Amino acid sequence: MPAQPAATSWLAARWQSVLTTIRAAEREAGRDPGSVSLVAVSKGVAPQSIETLLVAGHRVFAENRVQEMQAKWPTLLASYPAAELRFVGRLQSNKAADVARLAHVIESVDRESVARALARSIEIRNRSVRLLVQVNVGEEPQKGGCPPADADRFIAWCREDLGLAVSGVMGIPPRDADPVPYFGLLRALRDRRGLAELSMGMSADYEAAIHLGATHVRVGTAVFGPRSGTKGM
Ligand SMILES: *Cc1c(COP(=O)(O)O)cnc(C)c1O
């Protein structure tokens, strides 16, 4: 493989600096060191750059497009079996089994058809794929996620009726709004349902999310730099 020392050190330095910020926010919030996981969102990022972070020791990544995940990750996972791959994009029922075949965690379960399709997939039953329910905290029509008012019922239904291992909740506050009330809503839901994982906070607001209890922050731009073109959410 061609060596790219400049790009490699640039990327590793950005990654280290995000980790340092996360550890500082944990301290300020009085949380245990290491209680927050950095999920490096690698959508639009070339496999060589992902590999740079894998070599540096990073393990947890996320993608938001099924095809892109299928193109990039089988090879990376074969070389780095300890990596954890999370899917954070819009899920279609007819792609649910494909996603479950590759991802270790699916963060965007948001409606009954998708939950049923996941429950039917062998991978969910035979492998330990963890699921998070995505909540559309700002009730924005263009975003995925179940309506906040339906979230308690939906989570209980997934667990009790379908027997799915829902281990947490995920959400994305509206752009340009104060994220704090939305983070608070997600946290209260997670606490009420007694779940382990609280996935919230992105490049612009992950420190605030850590103060409000996030266990996983999903950070793309701050780690990898600006994406060329907007790949959406
Ligand atoms: C792209 C994306 C992120 C990361 O966004 P940044 O602002 O680049 O940190 C987080 N979560 C989801 C669901 C995404 O699609």
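The values are calculated or read from the model by the stated rules, or taken from the named source; none is laboratory data. A quick note: this is a predicted structure, and the numbers were derived from the prediction, not measured. Backbone-built Cβ (ideal geometry, glycine too); neighbour counts: all protein chains shown.
For residues that are within 14 Å of the ligand (Cβ to nearest atom) and small (G, A, S), tally how many sit in the range 18-48. Reasoning before the result, please.
Step one: filter the range 18-48 for residues within 14 Å of the ligand (Cβ to nearest atom), giving 18, 21-22, 37-45.
Then drop every residue that is not small (G, A, S), which leaves 37, 40, 42, 44.
Of the residues in that region, 4 qualify.
Test of understanding: among T21, T75, which residue is among the polar types (S, T, N, Q) and under 27 Å from I172 (Cβ atoms)? Show your work before the answer.
Details: T75 fails: under 27 Å from I172 (Cβ atoms).
Matching residue, one of T21, T75: T21.
Does the range 169-176 include one or more residues that are closer than 23 Å to H104 by Cβ, at pLDDT below 95 and among the aliphatic types (A, V, I, L, M)? Outline the logic, then answer.
From the range 169-176, those closer than 23 Å to H104 by Cβ are 169-172; that's our starting set.
Going one step further and asking which of them are at pLDDT below 95, we end up with none.
No.
Test A222 against the stated conditions and say whether it is within 13 Å of the ligand (Cβ to nearest atom), in a helix (DSSP H, G or I) and either at pLDDT below 95 or in contact with a helix residue (DSSP H, G or I) (Cβ under 8 Å, 6 or more places away or on another chain) (or both).
Numbers: within 13 Å of the ligand (Cβ to nearest atom): yes; in a helix (DSSP H, G or I): yes; either at pLDDT below 95 or in contact with a helix residue (DSSP H, G or I) (Cβ under 8 Å, 6 or more places away or on another chain) (or both): yes.
In short, yes.
Being within 21 Å of L11 (Cα to Cα) and of a type in the set (A, V, I, L, M, F, W, C) is true for just one of A78, A82, A29, A71. Which residue is that? Write out each step before concluding.
Values: A78 fails: within 21 Å of L11 (Cα to Cα); A29 fails: within 21 Å of L11 (Cα to Cα); A71 fails: within 21 Å of L11 (Cα to Cα).
Exactly one of A78, A82, A29, A71 is within 21 Å of L11 (Cα to Cα) and of a type in the set (A, V, I, L, M, F, W, C), namely A82.
If I ask for residues that are more than 9 Å from the ligand (Cβ to nearest atom) and either under 18 Å from G145 (Cα atoms) or of a type in the set (V, I, T) (or both), which ones from the range 201-213 would you list?
I210
Out of the range 25-34, which residues are touching a residue at least 24 places away in the same chain (Cβ under 8 Å) and surrounded by fewer than 15 Cβ atoms within 10 Å (Cβ to Cβ)?
Going residue by residue through the range 25-34, those that are touching a residue at least 24 places away in the same chain (Cβ under 8 Å) are 25-26, 28-29, 31.
Selection gives E28 alone.
Name the one entry in V129, V180, V109, V166 that is among the β-branched types (V, I, T) and either within 13 Å of the ligand (Cβ to nearest atom) or buried (at least 23 other Cβ atoms within 10 Å of the Cβ) (or both). Can you show your working first?
Values: V129 fails: either within 13 Å of the ligand (Cβ to nearest atom) or buried (at least 23 other Cβ atoms within 10 Å of the Cβ) (or both); V180 fails: either within 13 Å of the ligand (Cβ to nearest atom) or buried (at least 23 other Cβ atoms within 10 Å of the Cβ) (or both); V166 fails: either within 13 Å of the ligand (Cβ to nearest atom) or buried (at least 23 other Cβ atoms within 10 Å of the Cβ) (or both).
Unique residue meeting the criteria: V109.
Output the residues belonging to the range 186-196 that are in contact (Cβ under 8 Å) with a residue 24 or more places away in the chain and surrounded by 20 or more Cβ atoms within 10 Å (Cβ to Cβ). Full working, then the answer.
Kept after step one, since they are in contact (Cβ under 8 Å) with a residue 24 or more places away in the chain, are these residues of the range 186-196: 186-187, 189, 192-193, 195-196.
Answer for the range 186-196, where residues must be in contact (Cβ under 8 Å) with a residue 24 or more places away in the chain and surrounded by 20 or more Cβ atoms within 10 Å (Cβ to Cβ): L186, L189.
Checking A149 against (1) more than 30 Å from V180 (Cβ to Cβ); (2) surrounded by fewer than 15 Cβ atoms within 10 Å (Cβ to Cβ), only one condition comes out false. Which one?
Condition (1) is where A149 drops out.
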